[in-house]
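Down below is the structure, laid out as structure tokens.
Bear in mind these aren't lab numbers, they're just calculated from the coordinates by the rules spelled out. This structure is a prediction, so every number in the text was calculated from the model and none was measured. Methodologically, a virtual Cβ is constructed for each residue, glycine included, from the backbone with ideal geometry; neighbour enumeration extends over all protein chains shown.
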Ligand code: HEC
């Protein structure tokens, strides 16, 4: 009898032990599962993105914002943010930076009489809406080594409004990006 009890006790004890171990390892797995996405994806990304996104690749396309952007507000922003260095009127002079008439669709680093950095000359292609968005978001991230000493505009709405204004300062603006 005693031995039966002992055996039964042992069986019970090890069953309990197994349950406990099971729970503990479950808990460990859970903790692990929770930790991983929190580290990899990071729910705090929006805050970080607004403050200081690391790479320009993180920018969502500006196209959807352009359709409803406010060119009048963009004009004011241009005056505040860009006109220290850029004129926008047709045939206007170069200042610290090149004149911006016809900038959308213009070949990069191509305005006559302006001495561009070799970094921008090497970039190649035309100024699309997206490229301008990246440039005024963070010039140094888009063209490493550019002479454009401008911190950048973190707010998407500000960039969209300015780009909408730039579009009006153009003889033949390219169509807005398809959405
Ligand atoms: C502190 C002066 C400064 C400010 C402010 C500035 N820029 Fe510039 N920008 C430059 C310079 C200098 C260049 C030439 C960059 C190079 O050669 O690398 C440039 C180049 C550019 C170019 C490329 C021009 C081309 O012909 O390829 C664009 C587009 C541009 N700026 C847009 C803007 C806009 C829009 C703003 C305002 C949101 C702005 N910049 C604010 C100095 C400035």
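Out of the residues in the range 149-167 that are within 7 Å of the ligand (Cβ to nearest atom) and buried (at least 20 other Cβ atoms within 10 Å of the Cβ), which is nearest to the chain's Cα centre (by Cα)? Restricting to residues being within 7 Å of the ligand (Cβ to nearest atom) and buried (at least 20 other Cβ atoms within 10 Å of the Cβ), the top hit is 162.
Listed conditions (1) more than 6 Å from the ligand (Cβ to nearest atom); (2) assigned to a helix (DSSP H, G or I) are all met by residue 104, apart from (2).
In the list 141, 122, which residue meets the criterion of being more than 9 Å from the ligand (Cβ to nearest atom), surrounded by fewer than 20 Cβ atoms within 10 Å (Cβ to Cβ), without any contact (Cβ under 8 Å) to a residue 12 or more places away in the chain and not in a loop (DSSP other than H, G, I, E, B)?
122
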